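Chemist: If you scroll down you'll find the structure; I have some questions about it.
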Amino acid sequence: MLKQLSVSFVIGFAACLVGANAASAQDTALQLTVQNGRFEPAELQAPANKAISITIKNNDAKSVEFESVSLRVEKVIAAKGQGTVRIRALSPGRYEFMDDFNQKNRGTLVVQ
Amino acid sequence: MALHDDRGVTARPGALVAVALWWMAASAHAEESASKGFYEIETKYIFGFTEGSGIGLEGEKEFSVDTIGRFGKRDGRYAATETKFEFEYTPNQYIQVEFGPLAAGHNIRGVTDLDDRHAITLSGFFGELRYLVFDRPASPIAVTVSFEPVYRAFDETGGERVENYEFETKLQADVELIKNRLYAAANLIYEPETTRVMSGDWEKESKFGLTGALSYRVLPELAIGVEADYYRHYDGLLFDTFTGDALFIGPTLYYKFARKMFLAAAWNAQVWGREVETSNRFNLAEFSRQRAKLKVAVEF
């Protein structure tokens, strides 16, 4: 029993180490635009228990840093640039995100 | 009738009202909090010596200088510090790694069983692996488990040359009592260590710890709190022979003074303790009378 638990922990842990970053075709793909210092839309929806990819397109002339403590991601997106963050499968709930360079710019990912 | 006869039943309406009031207050507080700029916060460092469950953001790196000072023995003058020069990295959304060198400082004069010493030196290395087991909102209580091997070339307490290996295992749990404002945390600690002393003998010991803390954000960037930490010390790696215990209580502080910089501080005093072999009021053989922590970190 202890051996089985140890093996499953090691396999799960290794999977966590190597498998969290690559986007896959099964991901829920979401689009977010930064326009005039605001996320559009300010609220995103996604299904629970499925990995999520959010592509952020920055139309502004200033860089943004997409950041979320509860989603545990951060990414700097250059002015007029685009970037993607991949998020693990989430349980239902509301997850805040913001632009760390402009903290008044905030949004929410609603998972249900 | 039953309400008067059954103590459990009479207590229940009061408890329900209290829970309902607390929930309403917490909900109102959460809405008010958001409007005042109280958004999500990393919980790892807001509880003083007690650690929260946070593991940072994927890809985030942090460098910090983290000093713990221990002050006061039964007699003489005693001050000892250990500083971690810590690099912290979160490679994905589940784990966090930390490592770095240690420096030790000792200022000891006239303490029974310890040599007088006044020295600061590089003293060892540490590594830490943290794994997030449960997270909010899937679980109301977020839990992280951590493993921290440490090598020391100088004794933590007395500063003499030794060969010391420690392996701290810790369960760190926290909960949001009021969303984005009031947090509680608890740590469960098992810390075995083995030390080869000057004579060549290996001494084995272990420590059990149970700590609890509350932290309240008075401002979006500032959290203050209180913690109580209880430790039991044993000879042997697996709690073989109990030698004494101690209870520390004190305030905590967390201040994010720039977008990517923060400091965390705590001070504890031993308020109760016992040594098995003596009738002394505090345990000052294995613990100090007071201890303090100061961590300054920059994220990049």
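Chemist: Filter the stretch A:26-40 down to residues that are not in a strand (DSSP E or B) and not charged (D, E, K, R) and give me whichever is farthest from A:F101 (Cα to Cα).
Modeler: A:Q26
Chemist: Are any of the residues in the stretch B:110-125 of a type in the set (D, E), in the same structural domain as B:F282 (by TED's automatic domain parsing) and not in a loop (DSSP other than H, G, I, E, B)? Walk me through how you get there before you give the answer.
Modeler: Within the stretch B:110-125, the first condition is being of a type in the set (D, E), and the residues that meet it are B:113, B:115-116.
Narrowing the set further to residues that are in the same structural domain as B:F282 (by TED's automatic domain parsing) leaves B:113, B:115-116.
Pick out the ones that are also not in a loop (DSSP other than H, G, I, E, B) and you get none.
No, that holds for no residue.
Chemist: Test B:Y151 against the criterion of being assigned by TED's automatic domain parsing to the domain that holds B:T211 and touching a Gly at 6+ places or on another chain (Cβ under 7 Å), and give yes or no.
Modeler: Numbers: assigned by TED's automatic domain parsing to the domain that holds B:T211: yes; touching a Gly at 6+ places or on another chain (Cβ under 7 Å): yes.
It is true that B:Y151 is assigned by TED's automatic domain parsing to the domain that holds B:T211 and touching a Gly at 6+ places or on another chain (Cβ under 7 Å).
Chemist: Would you check if there is a residue in the stretch A:67-90 being in contact (Cβ under 8 Å) with a residue 12 or more places away in the chain, of a type in the set (A, V, I, L, M, F, W, C), touching a Phe, Trp or Tyr at 6+ places or on another chain (Cβ under 6 Å) and within 13 Å of chain B (Cβ to nearest Cβ)?
Modeler: yes
The values are calculated or read from the model by the stated rules, or taken from the named source; none is laboratory data. Because the structure is predicted, anything quoted here is derived from the model rather than measured. Note that we place each Cβ from the backbone using ideal geometry, even for glycine, and neighbour counts take in every protein chain shown.
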